[in-house]
Amino acid sequence: MAVTSMRLVNVTGSLSRLGEVLEACCSGEDFQFEQAMSFFGDKSDFMPINDENPFSANLTRLKNALDEAGLTVLPCEQGALPQVTDWEQVGTYVEELSTQLRELGSDLTAARSGIEQTTLELEQLRHFTQLDVRLQDIFECEYIKVRFGRLPKESYSKLKYYSDNPYIMLMPCDTDKDYVWGMYLAPIDNIADVDRIFQSLLWERMHLPEATGTPAEECEAMEQRIVSFCNDETDAARGLNVFWKENRERCSSLYHLLDKSSSTFELRRYVAKYKDGDKFFLAGWVAASDAAAFSDRLGSIPHVECEVENPNTAEGHSPPVKLKNGFFSRPFEFYVSMYGLPDYHEADPTPFVAITYFILFGIMFADLGQGLILSLAGIIMWKWKGMALGRIIGICGISSAICGVLMGSVFGFEHWLDPFWQWVHEKTGVPLNEGKLINIEDSNVVNMLIYAAIGIGAALVICAMIIGIYSNLKQKHYGNALFGQNGLAGLIFYSSVVYAAVNMLVLGRNPLNLGFILLCIVLPLVLIFLREPLGELIEGKEHWLPENFLDFFMQNFFELFEVLLSYVSNTVSFLRVGAFILVHYGMMTVVFTLAEMPSKDGPLGIAPFIIIVVIGNIIITVLEGLLVGIQGLRLEFYEMFSRFYSGTGRPFTPARQLSK
């Protein structure tokens, strides 16, 4: 449950073997490329490889032809790619195949375009079939202009207000519930004014197709053309299908071969070569557990040398991050990646997130029935939809169910589990409160839950500080580890304040004395105040004293004040954990109040009660699940991550993914 240990791999060899080396690098999921030129300065003996990709032209030509024909290649099967020795022959085949596909595809496209265009024109012209005038005669008028289109019915009724203008008149041809289709005409000298008036009435002009006969005759001719286009489409599709059946397998295999070869060739951009000579250099990362197998794989290629080094030797290059977690923690990597992967030298927060989020979610959403439903929904989202969030919901639903048993709540029914707890009481003697382990209806229990929420928050903040100390020590940030607000000094101060508060408010004792205050409260604050110079001093920096003591004092004074506020705000923020317990109880109380309003002695009997309870449970399960999920994530990111986590790591991306 940590960040996978990585190793730096340096590979050198003859340029003639570069293709084999790249193939070997992409044959597994264990290698990530690093830009080779980043290991050398501008005046080195190396230069980048910028050769033109010999596969991209054929791949692009074939891909475009397939897209134009609307065809999809068969999926690539491992080991099914053909072995090619004559790439010129492949280029000839691709060119011939692309030409034939374009011809067949263009015939099919032309037929479909003809159907679409003619159908659109037919739909427009059908509104004017009542017009018994040859369209050619209308279009050839020299002294008048004719406009076809439609008006909203509300606008059509307003034409009467223009009765003094003889040209503001619409000849209706068709109508529906919203529009009136028709035509108007005016002399050439008046058409511009008439157009403006009709446009103000929301006139939508239609440009009818060039035609000679009447609209009814043209509609009949268009229907015949559509039939002809459909026949052409059928013939073109049949011809394309026959051709594709004959060439599908070979074309698909060559397509995948070109795609893989092109992607692999592009990996040369990561490689450097000697300016004088035929040698190359490439570098990358492998997991420490895979380093030996990877080295053996490349070592089997003649004239190639592979050297595995510790990542610390790569100055200025941070290893990529590959998380390694157990089955319970692994789903929560989704949340961690949302914030940002840990730096290679940071502690992986995934197990911490998994445990704390699981607990917090269950406490805030404690209901046995709703939790099981939520878990089932999460499993469906994961298994059927492939949603990473579904795995988290499935796990957290179980937490809700467990806490629901402790709270005695099942779909909002607060006493369904009373017999179970009565049996537990008889067997173990555990004390009950009105038949329940935790009775939310008791005001004393409510107060206890609020205090418990703050206590949980304080405990989690302390855990976050401990992780922060470990992470800083791992990264050799000794100043932050010892004197930071989330370091040892901050841990001592915060823990001491929490200890004093528990003793004074809960146990009724006063642990404060002069020694305790000076050593556990004042001294840690002083160390936090002096964190920067003390940190630089223990890290061996020469100029560790502040240049301007007044500026240093003022800046750190206000920063210390902000630190104290953050301790308070981070702790108090966990009140929402207890608040959501009360919110759940309150919302279910509203549901049952509404459900009991219809009389059960009415004609519908108990049916309204059941329906309201079921609908209420559905709404609350969705709404509260969303709210609790967001609030739990907020507590993780803002109240805990801010104390120990930077999230500046980059993901491990296998070369095989780049070559797909």
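The values are calculated or read from the model by the stated rules, or taken from the named source; none is laboratory data. Keep in mind that what you see is a predicted model, and the values were worked out from it rather than measured. When we count neighbours, we look across all protein chains shown, and the Cβ atoms used for this are built from the backbone with ideal geometry, even at glycine. What goes into the accessible areas is simple: the full protein's heavy atoms, side chains included, and nothing from ligands, DNA or RNA. Shrake-Rupley method; radii C 1.70, N 1.55, O 1.52, S 1.80 Å.
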Rough spin-label spacing in nm, given labels placed 7 Å along Cα→Cβ, for residue 235 and residue 506: 8.8 nm
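Give the shape of the stretch 609-660 as rounded, prolate or oblate, defined through the alpha-carbon gyration tensor: a ≥ b ≥ c are the square roots of its eigenvalues, a/c under 1.5 means rounded, and otherwise the shape is prolate if a/b is larger than b/c and oblate if not. Working shown, then result.
Values: a/c = 9.16, a/b = 1.85, b/c = 4.96.
Because a/c hits 1.5 or more and a/b fails to exceed b/c, the stretch 609-660 counts as oblate.
Return the FRET efficiency for the residue pair residue 136, residue 157: r is the Cβ-Cβ distance, R0 is 22 Å, and the value is rounded to the nearest 0.05. Don't jump to the answer; show the numbers that get you there.
Working: r = 33 Å, r/R0 = 1.50.
Once the sixth-power term is evaluated, E becomes 0.10.
Enter the accessible area per residue of the stretch 367-500 (Å², integer; probe 1.4 Å; all protein chains in place).
Values: 6560 Å² over 134 residues.
Result: 49 Å² per residue.
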Calculated FRET efficiency for the pair residue 626/residue 143, C-beta based, R₀ 41 Å, to 0.05: 0.05
Fraction of accessible area attributable to carbon and sulfur, the stretch 124-178 (%, probe 1.4 Å): 48 percent
Loop trypsin sites (Lys or Arg not before Pro), the stretch 58-120 (other Cβ atoms within 10 Å of the site Cβ: 13 or fewer; DSSP): none
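Above 18 angstrom, tally the Cα pairs of the stretch 1-144 and express them as a % of all pairs, no decimals.
Working: 8094 of 10296 pairs.
Across the stretch 1-144, Cα pairs with separations above 18 Å total 79 percent.
Specify whether the C-alpha gyration tensor of the stretch 157-234 places it in the rounded, prolate or oblate class, a ≥ b ≥ c being the square roots of the eigenvalues: rounded for a/c under 1.5, otherwise prolate if a/b is larger than b/c and oblate if not. Intermediate results must be reported in sequence, preceding the final value.
On the way: a/c = 3.00, a/b = 2.30, b/c = 1.30.
Prolate.
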Per-residue SASA entry for residue 321, accessible area with 1.4 Å probe, Å² rounded to 10: 10 Å²
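Keeping every protein chain in place, order 121, 220, 624, 20 by accessible area at 1.4 Å, biggest value first, i.e. largest first. Could you put the intermediate results ahead of the total?
Numbers: 121 45, 220 110, 624 0, 20 80 Å².
The ranking, largest first, comes out as 220, 20, 121, 624.
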Nearest 10 degrees, 0 to 90: helix 350-364 Cα axis against the chain principal axis: 90 degrees
Residue 203 accessible area, assembled protein chains, probe 1.4 Å, Å²: 30 Å²
Rounded to whole Hz, the Karplus (6.51, -1.76, 1.60) HN-Hα couplings of the stretch 288-300, x for glycine and proline: 4, 6, 9, 4, 5, 5, 5, 4, 5, 5, 7, x, 6
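Hey, with R₀ at 60 Å, roughly what FRET efficiency would residue 384 and residue 188 work out to, going by the Cβ-Cβ distance, to 0.05? Before the final figure, lay out each step's value.
Working: r = 67 Å, r/R0 = 1.11.
Once the sixth-power term is evaluated, E becomes 0.35.
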Overall dimensions of the chain as given by Cα atoms, namely Rg and Dmax in Å: 38.1, 110
Probe 1.4 Å - accessible area at residue 428, Å² to nearest ten: 100 Å²
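Dividing the Cα radius of gyration by the Kirkwood radius, what Rg/Rh value follows for the stretch 419-518?
Details: Rg = 19.7 Å, Rh = 16.7 Å.
My calculation of the ratio gives 1.18.
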Label-point gap, in nm, between residue 536 and residue 562 - each point 7 angstrom along Cα→Cβ: 1.9 nm
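For residue 569 and residue 312 in the same chain, what is the full-extension length gain: residue separation times 0.36 nm, less their Cα-Cα distance, in nm?
Separation in residues times 0.36 nm, less the Cα-Cα distance, equals 88.6 nm.
Pulled fully out, how much extra length does the chain show between residue 200 and residue 84, if you take 0.36 nm times their separation in residues and subtract their Cα-Cα distance? Show your work: numbers first, answer last.
Details: separation 116, 0.36 × 116 = 41.76 nm, distance 6.86 nm.
Full-extension gain reported as 34.9 nm.
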Carbon and sulfur %, accessible surface of the stretch 330-376 computed with the full protein complex present, 1.4 Å: 73 percent
Virtual spin-label span in nm between residue 406 and residue 177, 7 Å along Cα→Cβ: 5.8 nm
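If I take all pairs of Cα atoms in the stretch 84-227, what percentage of them are more than 27 Å from each other? Don't skip to the end; give the middle numbers.
Working: 4296 of 10296 pairs.
Considering the stretch 84-227, 42 percent of its Cα-Cα pairs are separated by more than 27 Å.
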Extent along principal axes [Cα atoms of the stretch 255-392; Å; largest to smallest]: 72, 42, 25
Probe 1.4 Å, protein heavy atoms only - accessible area per residue of the stretch 120-225 in square angstrom: 61 Å²
For residue 279, residues with placed amide H under 5 Å, excluding near neighbours: 15, 274
